[in-house]
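Written below as structure tokens is the structure these notes are about.
The values are calculated or read from the model by the stated rules, or taken from the named source; none is laboratory data. Just so we're clear, the structure is a prediction, and the values are computed from it rather than from any experiment. Heads up, the Cβs are rebuilt from the backbone with ideal geometry, glycines too, and the neighbour counts pull from every protein chain shown.
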4 protein chains.
Amino acid sequence: MKITILINCPDQAGIISSVTGFVHAKGGNIIYIDQHVDKQADVFFMRLESEFDESTISFENFKSQFNKEISAPFNMDCKMHLSGIKPKMALFISKYNHCLYDLLSRFNSGELDVEIPFILSNHKDLQNISEQFQIPFFHIPVTKENKLEAENKQLALLKEYEIDFIVLARYMQIIAPRTIDQYPNKIINIHHSFLPAFAGAKPYHAAFARGVKIIGATSHYVTEELDAGPIIEQDVVTVTHAHTIKDFIAKGQDLEKIVLSRAVKLHIQRKTMVYNNKTVIFS
Amino acid sequence: MKITILINCPDQAGIISSVTGFVHAKGGNIIYIDQHVDKQADVFFMRLESEFDESTISFENFKSQFNKEISAPFNMDCKMHLSGIKPKMALFISKYNHCLYDLLSRFNSGELDVEIPFILSNHKDLQNISEQFQIPFFHIPVTKENKLEAENKQLALLKEYEIDFIVLARYMQIIAPRTIDQYPNKIINIHHSFLPAFAGAKPYHAAFARGVKIIGATSHYVTEELDAGPIIEQDVVTVTHAHTIKDFIAKGQDLEKIVLSRAVKLHIQRKTMVYNNKTVIFS
Amino acid sequence: MKITILINCPDQAGIISSVTGFVHAKGGNIIYIDQHVDKQADVFFMRLESEFDESTISFENFKSQFNKEISAPFNMDCKMHLSGIKPKMALFISKYNHCLYDLLSRFNSGELDVEIPFILSNHKDLQNISEQFQIPFFHIPVTKENKLEAENKQLALLKEYEIDFIVLARYMQIIAPRTIDQYPNKIINIHHSFLPAFAGAKPYHAAFARGVKIIGATSHYVTEELDAGPIIEQDVVTVTHAHTIKDFIAKGQDLEKIVLSRAVKLHIQRKTMVYNNKTVIFS
Amino acid sequence: MKITILINCPDQAGIISSVTGFVHAKGGNIIYIDQHVDKQADVFFMRLESEFDESTISFENFKSQFNKEISAPFNMDCKMHLSGIKPKMALFISKYNHCLYDLLSRFNSGELDVEIPFILSNHKDLQNISEQFQIPFFHIPVTKENKLEAENKQLALLKEYEIDFIVLARYMQIIAPRTIDQYPNKIINIHHSFLPAFAGAKPYHAAFARGVKIIGATSHYVTEELDAGPIIEQDVVTVTHAHTIKDFIAKGQDLEKIVLSRAVKLHIQRKTMVYNNKTVIFS
């Protein structure tokens, strides 16, 4: 069995040797270790993968012993994942299909190690794509009037299907604070600009008006402040005066889908940690 | 002789055939033509290079006939440049040497077709570099108290040396509005961020705090609004959580010098036009 | 009506003014012009778009007059396209789905201005995708023994469906010379390396073995020499020692689909010209 | 005191916990650890930085104990570096100044933690730059006839000045095998193409002839086979049909200097390891 451990704690001497010594003593073979120290915040981060013979120790035993002997003394925030357990990902969409197609075609090829219990949209336009890929589709329209009711329906679905994390694949609605509270650093958005430039609505129009020579896309975890959450991945592409807003959108959509898919993969592979509204990406 | 013509005017039918027909009739051979229409603003832009036998026509005659027969009827804003005339470039610097070294080493290699009558700084730190390259150096300190006097000295130097355009190679001072008025779209600045993100002071610190995954540099013409002028050139480089602010600065400086030098070359080659606070770059 | 004209001819004085003058005289408004001179080969290239009032002139008349008055005297190789006529594109595939999904999702969004009469494969694996998108699928297995027969079937289909150009979306077979002869610069391939590095089979394995820090993808027109045709588009992505061959493949596939789609779009928009085994891309 | 340890050895269980445990037991605080397993070659790599109180242990003692207790049992190839000791770098140049200026301006700014005992060239063209920066310059012409004698002179200088590593900053001569033997993975070259494409002479001309859309530069350690040594760093820039060979060279030179400087910095910071003609870069 393979166990992935993600740790952050106040920086102090002896963490690495204690953790690796513990894993070794329990019969584990460390196959990956990476660490980072945020010197400004004085916080230590580590990601460690190790393989165990299942006859030696159980995941639950390892976990409880690690917590008692290592995690508690070092005051760690520690997460452990057993390989082979697929997280459940919900897709929220609206009318654009490029990110949806990109994620679903990767899912179909076995590139994304997840389950996709459902696709949810405030519009019916892309229902046929969910049918193409035989994934349940829920249509929950959102208007000023029914907002609370729509949120309740969403939350009920998330609960019913035991969703682990949400991907906003160009879902053009604000996510409710109580949904964010239930999914802290577990809602991944794609914003069609190079954040923090052009946060908010119509970033391609704003980029065109400003006359930038490079446009971008940013995938980030959703927090209450709009387009201000921890950035997971960004990429850019050059543009010129000769490109129209329509060209910006076409070029940008190629970025959006690739950037979002990369971020989703990093999240699925448990390679992301969040601290102080920033990410540590162990890639 | 080679003449470069830069035109912008209200978009209308027949501009291209009129201009090319005129050049052809005067014995010119068109060796480069590029055009752009800004459909939002309904403005036509063109850059044209043509070669003439000097025995056929003089530059002054060509210019006055073109203005009468073509430029006036089409209501053009038109600039003509005769090849072989080197523009005079002043370099304004402070304490960072990377952009200065980059520009001067290119100048030394013959890559930049300009004269550099002087280097001006508010500090003495880099005077030795101007001596290395045997270019006159003027030290004009700028303080709250002597601001007006310093501006006067700068303007006097710019006038005395008949400077055509100014390059701010990490000059850490605000340029006075009256200097900007005298050099409209003729002062080139390098800002160490991916504008419009992180305008103003300490952009690397701001980028670090925001946790971006890509940092950038932007070269733009200086206007009265800080870091908001027409963008000439931008470039970016990836960063990770493992990079410190010091790393951001080191990686960024590599961008700054390349981006600034590219912008300066475009300006020298008369490949830039400005309209509505945006550039058209005929590269 | 909008006419797009693509020209190449020996470089000589007066081409631009003659062409633009002719178009203007026929009542056309030039909305785009770009030109290029290959000084080594002494060849002139031009792409021109112009709009005409259909009551003034017919496409056929314009074409024949242009050929007589302009094209013949200047010894031009000239192609004209009337807007609104969609070219017919055949997709050849094998077992990889990423390029196929990318092209079909763009086609579905209206991004590609083509018809897709059929998808052809030497395997049945991706037949379900053609069904998802309701496009006819032909399965033509290729073995050493049936090669000639398979080619005949392909050629018959291409003829029957009046195919204008072919896209090899990771079709893992060599195209027969007589097919190439019938489709000169009309078969677009995607090769999964940064050509000319790693031509031939298994480029990701070769790149891994060489220890490169950047991998690429190249879209090119197919010629008889393998992976040596005119390059339309290339792009790259960074890799590190930590990436396995599997990682190279995953990262590379993101490049492949974007690079191929860009090349296909350029071809559809008639923005590509070929000369001396190189392309001129009027983008 | 800070010690940097670089290790490679056959992959086996327990390496990380043994090494980190040893460092911890000797009173060291690990401030950086990164590891890599080449699964094809079954080789383990590690880079570790740790800080020690000098009163606790001496560098020599730590080294000898580590070698006995850890390095020998695990069959390690191990290198240790004490911080604060600047390596001695020789610069070999010919006629191009861009890489030289870039390295020397960084050196002047304190960005490169080295000594530069001398600059050596087969031409006198850039002697003035060495004078600008007050670094000794040796002119050793290389002809067919004097080759052996020139090599002897070079080797004598390298020995006399106790040079640790050599940077070929566009030195246009083949390095003698016996020099390479004395400096294994310690001679850094910049090649002006995206290797393995366009190895050998005139890569920009070859790239132009092939019609590529992206050109590159590669910094690598020199081995006996020309342009085939372990790659340290690569970067690329886009080009179009409109760029001439002269443009390729100008754009490429910007790449060359940045790529070479990055490689030199990685080498100085002991972040590079070589195995099987490939590099592991702990950046």
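When the residues of the stretch D:115-136 are narrowed to those that are of a type in the set (A, V, I, L, M, F, W, C) and surrounded by fewer than 19 Cβ atoms within 10 Å (Cβ to Cβ), which ends up farthest from residue B:104 (Cα to Cα)?
D:135
Condition first: farther than 30 Å from residue B:237 by Cα and touching a residue at least 40 places away in the same chain (Cβ under 8 Å). Can you find one or more residues in the stretch B:139-150 that meet it?
Scanning the stretch B:139-150, I find no residue that is farther than 30 Å from residue B:237 by Cα and touching a residue at least 40 places away in the same chain (Cβ under 8 Å), so the answer is no.
Conditions tested, residue by residue: (1) in the same structural domain as residue C:168 (by TED's automatic domain parsing); (2) surrounded by fewer than 17 Cβ atoms within 10 Å (Cβ to Cβ); (3) out of contact with any Ser or Thr (no Cβ under 8 Å at 6 or more places or on another chain); (4) at pLDDT 95 or above.
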site: C:209; (1), (2), (3), (4): yes, yes, yes, yes
site: C:233; (1), (2), (3), (4): yes, no, no, yes
site: C:247; (1), (2), (3), (4): yes, yes, yes, yes
site: C:253; (1), (2), (3), (4): yes, no, yes, yes
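Out of the stretch D:68-81, which residues are over 18 Å from residue D:29 (Cα atoms), without any contact (Cβ under 8 Å) to a residue 60 or more places away in the chain and in a helix (DSSP H, G or I)?
D:68, D:69
Yes/no matrix, rows are residues, columns are (1) farther than 30 Å from residue A:125 by Cα; (2) part of a strand (DSSP E or B):
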position	(1), (2)
A:22	yes, no
A:63	yes, no
A:66	yes, no
A:89	no, yes
A:99	no, no
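For the condition more than 13 Å from chain D (Cβ to nearest Cβ) and basic (Lys, Arg), what is the one hit in A:39, A:26, A:63?
One residue alone meets the criteria, A:63.
Is one or more of the residues making up the stretch C:213-229 under 25 Å from residue D:262 (Cα atoms), out of contact with any His (no Cβ under 9 Å at 6 or more places or on another chain) and acidic (Asp, Glu)?
no
If a residue has to be over 13 Å from residue B:120 (Cβ atoms) and in contact with a Pro (Cβ under 9 Å, 6 or more places away or on another chain) to count, how many in the stretch B:152-179 make the cut?
Counting residues in the stretch B:152-179 that are over 13 Å from residue B:120 (Cβ atoms) and in contact with a Pro (Cβ under 9 Å, 6 or more places away or on another chain) gives 3.
Can you go through A:188, A:180 and tell me which one is modelled with pLDDT of 95 or more, crowded, with 22+ Cβ neighbours inside 10 Å, more than 14 Å from chain B (Cβ to nearest Cβ) and farther than 18 Å from residue A:138 by Cβ?
Among A:188, A:180, only A:188 is modelled with pLDDT of 95 or more, crowded, with 22+ Cβ neighbours inside 10 Å, more than 14 Å from chain B (Cβ to nearest Cβ) and farther than 18 Å from residue A:138 by Cβ.
Does at least one position in the stretch A:204-213 carry a residue that is in contact (Cβ under 8 Å) with a residue 24 or more places away in the chain and more than 27 Å from residue B:41 (Cα to Cα)?
The answer is no, given that none of the residues of the stretch A:204-213 is in contact (Cβ under 8 Å) with a residue 24 or more places away in the chain and more than 27 Å from residue B:41 (Cα to Cα).
Considering only the stretch C:240-263, state which residues are of a type in the set (S, T, N, Q) and touching a residue at least 40 places away in the same chain (Cβ under 8 Å). Spell out how you get there, then give the answer.
Just the residues of the stretch C:240-263 that are of a type in the set (S, T, N, Q), to begin with: C:240, C:244, C:253, C:261.
Result: C:253, C:261.
Being assigned to a strand (DSSP E or B), among the β-branched types (Val, Ile, Thr) and out of contact with any Pro (no Cβ under 7 Å at 6 or more places or on another chain): is that true of residue C:33 here?
Taking the combined requirement at face value, the residue satisfies it.
Return a yes/no flag: does the stretch A:37-44 have any residue that is modelled with pLDDT of 95 or more and within 24 Å of the chain's Cα centre (by Cα).
Checked against the condition, which is being modelled with pLDDT of 95 or more and within 24 Å of the chain's Cα centre (by Cα), the stretch A:37-44 yields at least one hit.
Restrict the check to the stretch C:214-230 and report whether at least one residue is at the interface with chain D (Cβ under 9 Å from one of its Cβ atoms) and within 22 Å of residue D:276 (Cα to Cα).
Scanning the stretch C:214-230, I find at least one residue that is at the interface with chain D (Cβ under 9 Å from one of its Cβ atoms) and within 22 Å of residue D:276 (Cα to Cα), so the answer is yes.
Scanning the stretch D:42-60 for residues that are in contact with a Lys or Arg (Cβ under 9 Å, 6 or more places away or on another chain) and outside any strand (DSSP E or B), which turns out farthest from the other protein chains (Cβ to nearest Cβ)? It would help to see each step written out before you state the result.
First, the residues of the stretch D:42-60 that are in contact with a Lys or Arg (Cβ under 9 Å, 6 or more places away or on another chain): D:47, D:49-52, D:56-57.
If we keep only those that are outside any strand (DSSP E or B) too, we end up with D:52, D:56-57.
Values: D:52: 11, D:56: 13, D:57: 15 Å.
If we take residues in the stretch D:42-60 being in contact with a Lys or Arg (Cβ under 9 Å, 6 or more places away or on another chain) and outside any strand (DSSP E or B), then D:57 is farthest from the other protein chains (Cβ to nearest Cβ).
Residue-by-condition table, conditions (1) of a type in the set (A, V, I, L, M, F, W, C); (2) touching a Ser or Thr at 6+ places or on another chain (Cβ under 8 Å):
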residue	(1), (2)
A:28	no, yes
A:31	yes, yes
A:34	no, no
A:59	yes, no
A:68	no, no
A:72	yes, no
A:77	no, no
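Tally the residues that are farther than 14 Å from residue D:76 by Cα and facing another protein chain (nearest Cβ under 8 Å), restricting the search to the stretch D:4-23.
4
So how many residues does the stretch A:60-99 have that are more than 30 Å from residue A:171 (Cα to Cα), exposed (fewer than 15 other Cβ atoms within 10 Å of the Cβ) and of a type outside the set (Ser, Thr, Tyr)?
Here the count works out to 10.
Pull up the stretch B:101-119, narrow it to residues that are at the interface with another protein chain (Cβ under 9 Å from one of its Cβ atoms) and part of a loop (DSSP other than H, G, I, E, B), then point me to the one that is modelled with the lowest pLDDT.
Result: B:109.
Being of a type in the set (D, E, K, R) and touching an Asp or Glu at 6+ places or on another chain (Cβ under 7 Å) narrows it down to one of C:95, C:63, C:79, C:68, so name that one. Show your work before the answer.
Numbers: C:63 fails: touching an Asp or Glu at 6+ places or on another chain (Cβ under 7 Å); C:79 fails: touching an Asp or Glu at 6+ places or on another chain (Cβ under 7 Å); C:68 fails: touching an Asp or Glu at 6+ places or on another chain (Cβ under 7 Å).
Of C:95, C:63, C:79, C:68, the one residue that is of a type in the set (D, E, K, R) and touching an Asp or Glu at 6+ places or on another chain (Cβ under 7 Å) is C:95.
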